[in-house]
Each structure stands twice: as structure tokens, then as C-alpha cells.
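Single-structure report; data block below.
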Amino acid sequence: MSEFAVPGPVELLARYRRAMLELDADALAGLYAEDGVHEFPFLFPGMPECYRGREEVRAGYRAAWGASEARPREIREVAVHPGADPEVLTVEQVVIGTVATTGAPFALPGLLVLRARDGLLVHVRDYMDGLGVAHAMGRLGAVAARLEGRA
């Protein structure tokens, strides 16, 4: 890729994964359009339903990573599905890592739907295994209590 080429969804995915593995909120936020949206459609303990805008992505991930004992070490690609729309890429993946405080391993499946425009992410739908994360962190009880409060 030349220094002037606009990155497409596949290149943005590679940069996204690098930022995730490095827990680099600044690098991650730099991939988003100023008004980009990052949604979490499934319940994910400690995460909002979405971040609106680059600065919310930066602040939200910085806070989440700072509060988490999860340390990802690898993102295994299961499949990448280009969309009929060239801006869209759907990705099946598994995040592999350990819990820093216990050394317990985790493997969390997920699905990303990325929409890129003009070299930036404009919309990400992030379907993570939130219950798997809660289990790995020993927080299933807190999640159940939260859900009971919704009834």
C-alpha cells in the first residue's frame, strides 16, 4: 500500500486487531471517523450499548482496558466475509488470552461487522461473548444480579 492509499476494510481490520492486542485506545480511536459508531448489540458486562464518536471510543476503551484483567494475546480469524457493499466486512474471530490476576486462559468467540468509508471506520457492530468474559473474570453472579434487576 502506498503512503497515500486509503485503507479499505481489510487493512483497517488488521490495524483494529493490532490496537486490540496492544490495548492501545489511541491507535484504536484513530481508526474511526470523527462521528463513527461502535455498537455492542449483545449484553457485555461493563460496556455501554455503544460509543458515539472517536473520542467516546478512545475514552471508553481506555477505561474498559484499565479496569479489566483480561490480557488478549492472539486474535484467531475464523472467517472473513466481504459484503456485497464494498464498505462492509463481516469477521468471525476468537480472542485468546489470559486473566492477569489468575492466569486462567480464555477463548472468546465474536463477530464484527465493519463499515469503512474514506479510510476510516464509520460503524462497527461488535458481537462479543459477554457471558464468556464474565465467566473468565469470575463475574457471572454480578451479571445475573444485573439481569434480575431488569425484570
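Taking amide hydrogens as placed 1.01 Å from N in the peptide plane, the amide H of Ala70 sits under 5 Å from those of Ala100, each at least 5 positions away in sequence or on another chain. Helices in the chain, meaning DSSP H runs of at least 4 residues, each add -39500 (n - 2.57). Divided by all residues, the mean residue ellipticity at 222 nm is -10000 deg cm²/dmol. Computed across the stretch 79-151, the Kirkwood hydrodynamic radius from all distinct Cα-Cα pairs reaches 14.4 Å. Normalised by the number of residues in the chain, the mean separation of alpha-carbon contacts (under 8 Å, six or more apart) gives a relative contact order of 25 percent.
Among Val95, Val80, Val122, the largest mean-square fluctuation in a Gaussian network model of the chain, built with springs joining Cα atoms closer than 10 Å, belongs to Val80. Extents of the stretch 1-138, largest first, come to 45, 30, 28 Å (Cα atoms, principal axes, whole angstrom).
The modelled label-to-label distance between Ala64 and Ala107, using points 7 Å beyond Cα along the C-beta direction, is 2.3 nm. The simple spin-label model puts a point 7 Å past each Cα toward its Cβ; for Glu92 and Leu140 those points are separated by 2.5 nm. I'd like the distance separating the alpha-carbon centroids of the stretch 16-53 and the stretch 61-122, in whole Å. That distance is 10 Å. Projecting the Cα positions of Gly138, Ala14, Tyr61 onto the charge dipole of the stretch 9-150 (unit charges on Cβ atoms of Lys, Arg, Asp and Glu, taken about the Cα centre) puts Gly138 furthest along the positive direction. Residues whose amide H falls under 5 Å from that of Ala104, counting only those 5 or more places apart or on a different chain, are Val99, with hydrogens built in the peptide plane.
Only the coordinates and a few stated rules stand behind these numbers; no lab work does. Just so it is clear, the structure is predicted and the values come from calculations on it, not from any experiment. Cβ coordinates were reconstructed from backbone atoms using ideal geometry, including for glycine residues, and neighbour counts include every protein chain displayed.
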